[in-house]
Each structure stands twice: as C-alpha cells, then as structure tokens.
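The values are calculated or read from the model by the stated rules, or taken from the named source; none is laboratory data. The shown structure was predicted, so the numbers you read here are calculated from the model rather than taken from an experiment. A quick note on method: Cβ atoms are made from the backbone with ideal geometry, for glycine too, and the neighbour counts reach across all protein chains shown. With ligands, DNA and RNA removed, areas are computed over all heavy atoms of the protein, side chains included. Shrake-Rupley method; radii C 1.70, N 1.55, O 1.52, S 1.80 Å.
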Amino acid sequence: MFKKGDAVLIVFLIVLSVLSGVLFFNSGSVGKTVVVKINNSVHAEYPLYENRTVELKKNGYNKLIIKNGTAYVEKADCKDKICVKHKKISKHGETIVCLPHKTVIEVD
C-alpha cells in the first residue's frame with residue numbers, strides 16, 4: 001500500500017514547500033526611505049539609515065522611531081494602539097497604519 005517511492009515523493013514535497021516558504025518570506029528588498037502620509041498626502045520622508053525620533057501631531061499623536069534600518073511606532077494616543085503593536089518595518093512596501101489618525105508609514 002505505502003511504497004518507498006511514495007515516501008521519497010512526500011519528503012521531496014515537504015522540502016520543496018519549506019524552501020519555497022523561506023524564499024517567499026525573505027525575498028523583500030531592504031528599503032531606503034520611510035514615507036509618512038497623513039490624510040493621504042505625503043507629510044515627510046526620512047532616510048531609513050539615519051537614527052531619529054519623529055513626533056507626528058496631526059490628527060493625534062504618534063511617536064515614530066527610525067533606528068538601525070527599521071521603523072516602528074513607539075507611542076500613540078489612539079484607542080486601539082494597533083500601530084504600536086505592529087512589528088518593525090524595513091523592507092520595501094511594508095507599512096504601518098494608524099486608522100484613527102489617518103496615518104500611513106511606508107518603507108520605500
């Protein structure tokens with residue numbers, strides 16, 4: 001019923017799927033700038049390689065940290081704080097969104 005060829009095929013498919021997953025999740029290119037959009041308009045752009053703290057005070061308060069090639073929101077006065085809980089971003093196309101403040105932080 002279960003033959004040696006079946007086992008080889010199953011192992012091959014498992015290895016192939018693991019390698020595909022690793023390549024997919026590590027394929028993003030490192031970004032160069034952090035673009036802050038508020039109310040769907042570009043508010044500011046910052047180099048990702050320069051460490052800095054940015055306080056965004058339009059529509060509410062967000063404290064953006066750019067450090068060691070990553071960007072993240074350290075503090076916010078919105079109710080749900082999803083932006084604060086979001087992981088650090090560093091790859092092209094990654095975003096952090098604060099809907100209550102209509103703020104989008106994107107790596108470009």
Between Glu50 and Lys4, how high is the FRET efficiency from 1/(1 + (r/R0)^6) when r is the Cβ-Cβ distance and R₀ = 35 Å? Nearest 0.05. 0.05
HN-Hα J in Hz across the stretch 49-55 - Karplus 6.51, -1.76, 1.60, θ = phi - 60°, x for Gly and Pro: 8, 9, 6, 6, 10, 10, 9
To the nearest Å², the heavy-atom accessible area per residue of the stretch 15-108 with 1.4 Å probe amounts to 64
Solvent-accessible surface (1.4 angstrom probe) belonging to Leu64, in square angstrom, nearest 10: 0
How much of Val30 can a 1.4 Å solvent probe reach, expressed as accessible area in Å² and rounded to 10? 110
Could you list, in their original order, any pairs among Lys57/Lys102; Lys32/Lys91; Lys37/Lys91; Lys37/Lys58; Lys32/Lys102; Lys32/Lys79 whose Cα atoms are separated by more than 20 Å? Lys32/Lys102; Lys32/Lys79
What Cys residues in the chain are without a partner cysteine, judged by a Cβ distance under 4.7 Å? Cys78
Roughly what angle does helix 4-25 make with the longest principal axis of the chain, taking Cα atoms, 0 to 90 degrees, to the nearest 10? 10
Once you put a point 7 Å from the Cα of Val15 and another 7 Å from the Cα of Tyr61, both along the Cβ direction, what distance in nm separates them? 5.6
Which residues' amide hydrogens lie under 5 Å from the amide hydrogen of Glu94, considering only partners 5 or more residues apart or on another chain, with H built in the peptide plane? Val107
